[in-house]
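These notes are about the structure you will find just below.
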Amino acid sequence: MNRDLELIIRLNDLELLYREFADGSTSAATEESLGFPLAKREKVSIARAEIRAQLSRRLLSRFDTIFHKYHKAVAPVLNGVAYCCYEKLPINLYASSTTNDEITSCPYCGKFLYFL
Amino acid sequence: MRQPAVPATKAVEPSTVRLAEFLSPHSVSLSLKATEKPEILEELVSLLPLSDVDRRIALGILGQREAVGSTGIGMGVAIPHCRSAIFANLQIAFARSPRGIAYQAIDRKRVQLFFLVVSPPIEVTNQYHAVLAAIVNVTKDAHNRKRLLEAESAVEVRSILGGAA
């Protein structure tokens, strides 16, 4: 698997976790009401910074642009369908990328694709 | 065949959740070997049908979630959980440690019952929090905890979860 793609997925997960546990969020309130303490939310920020430092400026800029626009930057692909735009991917893209060895993007919205 | 995640609908009531639907018999371990928290997470994740890369990513985000606050909710129960783009659908794994494991639970007691809950960031039925709530509700009941500690098979575990949710 492409190392940068793995970092992008991990960063996407962390950005979502960061937003999920933001002050005043419904998710954070729900988790706390269920008995899950969220005392050390700053740990997520530290982990985000560590992953950001490992990505190139070009990739990070692309990630931030997509995440800012769609509130997520990675879309899974199942059976040739990208689960962001719910469109069948062009066969040449689908046929050459299923091992996640290179970074590919949805031709419709630009999200990073992860082939499941 | 794995089913895709698609945009969420309205929130689901925990009382309507059937936990057994998310728990494959292959995702049940009645005798955890691990004795430390990181090893427990590894063993739990290994119960799910994931590639090596996906396991590594899952462990990363689970570790981050635990760093925010332990998911050991007391009464000998822990519910590690996370969302990630690597998951196609909501899944549960269940594992039991007869002797109990130090897991930094909120009541500082050893944990015997572990429920791993993983989900895509957005799932079609929007049941992530409802599933967490349903597990909390099931395990609040001392009788259910006793039954889970004494269950002799994955089928029995699924029966307890299916009937009690």
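Using all pairs of distinct alpha-carbon atoms, the Kirkwood hydrodynamic radius of the stretch B:79-165 works out to 13.9 angstrom. Across chain A, the relative contact order, built from alpha-carbon pairs under 8 Å that are at least six residues apart, equals 28 percent.
Take each residue in B:83-96, count the other chain C-beta atoms within 10 Å of its C-beta, and the mean is 3. Simple rule: put +1 on each Lys or Arg Cβ and -1 on each Asp or Glu Cβ in the stretch B:11-141, find the dipole, and look at B:127, B:71, B:88; the Cα lying farthest toward the positive end is B:71. The longest stretch of chain A left intact once loop-based chymotrypsin sites (Phe, Trp or Tyr not before Pro) with at most 13 other Cβ atoms within 10 Å are removed from consideration, loops following DSSP, is A:1-85.
Stretched out straight at 0.36 nm per residue, the stretch from residue A:101 to residue A:68 would grow longer than its current Cα-Cα span by 9.3 nm.
Averaged over the residues of B:135-143, the number of partner chain Cβ atoms lying within 10 Å of the residue Cβ comes to 1. Kindly provide log₁₀ I(q)/I(0) values, in the same order as q = 0.17, 0.21, 0.28 Å⁻¹, from the Debye equation applied to equal alpha-carbon scatterers of the stretch A:19-82. Debye intensities relative to I(0), on a log10 scale: -0.84, -0.99, -1.13. Taking label points 7 Å from Cα along the Cα-to-Cβ direction, residue B:155 and residue B:36 give a separation of 3.8 nm.
Whole-percent P(r), the protein assembly as shown, all Cα pairs, 5 Å bins from 0: 1, 6, 13, 17, 19, 17, 12, 8, 5, 2, 1, 0. Please tell me the relative contact order of chain B in percent, rounded to the nearest whole number, where contacts are Cα pairs under 8 Å and at least six residues apart. Worked out over chain B, it gives 33 percent. By the Cα gyration tensor, the stretch B:34-133 has an equivalent ellipsoid whose semi-axes, rounded to whole angstrom, run 22, 15, 12 from largest to smallest. The ratio of the alpha-carbon radius of gyration of chain A to the globular-protein estimate 2.2 N^0.38 Å is 1.18. For GluC sites (Glu not before Pro), the sites in the stretch B:32-130 that DSSP calls loop and that have at most 12 other Cβ atoms within 10 Å are B:36.
FYI, it's all coordinate maths here, none of it is from the lab. Please read all numbers here as calculations on a predicted model, not as lab measurements. Here the Cβ is made from the backbone with ideal geometry for all residues, glycine too, and neighbour counts use every protein chain on show.
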